[in-house]
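The values are calculated or read from the model by the stated rules, or taken from the named source; none is laboratory data. Bear in mind the structure is a predicted one, so any value in this text is a computation, not a measurement. Neighbour counts run over all protein chains shown; Cβ positions are idealised from the backbone, glycine included.
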Amino acid sequence: MKVLNQTISQITIPTPFAVGDVHVYLIKGDTMSLVDAGVKTKQAWEAVQTQLKELGYFPNDIEQIILTHHHPDHIGLIEEFPRVESIIAHEDLNAWLTRDETFFQHYENFFKDFFITCGVPEKYLSIIDKLHGQLNLAGRGNLTSIINEGDYLPGHPEWQVVETAGHAQSHLSFLRQSDGLFIGGDHILKHISSNPLLEPPPLGEQKRPKPLLQYRNNLQKCLTLGIQQVLPGHGSIIDNIDELIPTRLSRQEQRAKKVLTLLENTSMTPFQVTQKLFPKRYETQLDLTLSETTGQLDFLESQGLIQQEVIEGILSYHAV
Ligand SMILES: [Zn+2]
């Protein structure tokens, strides 16, 4: 637990995930809000109660919850606060909270088609059943308000919403212009680069999002917002985004160069590129590694450096 200033405190919650602890933020204003809600475990709930108490509060004092994105380590405890009536987030988050069957069917169909198009062999397709993550660790509910770019947080008009899709399609961050504080969820982390994860297009749309391109654009956007300090979802508070963001962007460009070299004299499917890039991880983490590869391919294609062709339903890329 860390009191950051008069209106905002950081509460740190354990998760069973490789990423480790997750931070949520208590904001005091006209209403008492929590930004993000940890993971749904007994240990997490105990950690929240203990730290709230150290700050002089009880779960009963929390009036609304605002969510940065839909991943289970950020939405777990939304049902636990007795007085919370408002749950506020990007509209894409609702399907995750309500466990919308149509949405999950669409999600699985998209990944099945996508994996096949990418040249993934039949024997790996069973991974799709696990793709929508550990929903048992995620909270259930219904959004009561939808927010997006440019909106102000209900009850906290000094905080403005910044759309930061990339790591997740539902990702939003929150900026307080007066002092440049930025609640960044998983958009900018100090110790690791946030994985821009592949997701299906919204229901009824055909074109899938290109999360790495969105992520790069939104990192660049963050350099123009006057951000002084990032309060992240994981790891240390960040004071130097003017150095960190350009480093992140150029590291990614270097990784893309490696992919370009692979495609110089030959044509490869996204699955073959993934095998080359992640020889040790592709089998056990096919979703993450294929997502990363797809990002680099989208980037190179957007730069006009590679071209795709589809032969008998299978996608492949080669350098131009
Ligand atoms: Zn996340």
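Every residue, every condition in (1) within 28 Å of Ile13 (Cα to Cα); (2) surrounded by fewer than 13 Cβ atoms within 10 Å (Cβ to Cβ); (3) touching a helix residue (DSSP H, G or I) at 6+ places or on another chain (Cβ under 9 Å), yes or no:
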site: Tyr215; (1), (2), (3): yes, no, yes
site: Ser250; (1), (2), (3): no, yes, no
site: Gln254; (1), (2), (3): no, yes, no
site: Lys258; (1), (2), (3): no, yes, yes
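On the basis of being touching a Gly at 6+ places or on another chain (Cβ under 7 Å), under 22 Å from His132 (Cβ atoms) and within 16 Å of the ligand (Cβ to nearest atom), does Pro196 make the cut? In short, yes. No other residue among Phe115, Phe182 is out of contact with any helix residue (DSSP H, G or I) (no Cβ under 7 Å at 6 or more places or on another chain) and either assigned to a strand (DSSP E or B) or of a type in the set (Phe, Trp, Tyr) (or both) apart from Phe182. Looking only at region 1-47, residues that are farther than 16 Å from Val84 by Cβ and among the aromatic types (Phe, Trp, Tyr) come to 1 in all.
Where helices (runs of 4 or more DSSP H) sit wholly within region 37-105, those with at least 3 residues that are more than 16 Å from the ligand (Cβ to nearest atom), without any contact (Cβ under 8 Å) to a residue 40 or more places away in the chain and of a type outside the set (Phe, Trp, Tyr) occupy 42-54.
Against the list (1) modelled with pLDDT under 95; (2) more than 15 Å from the ligand (Cβ to nearest atom), the condition Gln134 fails is (2). All of Lys207, Lys221 fail the test of being in a loop (DSSP other than H, G, I, E, B) and surrounded by fewer than 17 Cβ atoms within 10 Å (Cβ to Cβ), apart from Lys207. Against the definition (more than 15 Å from the ligand (Cβ to nearest atom), farther than 18 Å from Ile75 by Cα, of a type outside the set (A, V, I, L, M, F, W, C) and under 19 Å from the mean Cα position of the chain (by Cα)), how does Pro157 come out, yes or no? Judged against the criteria, Pro157 is not a match.
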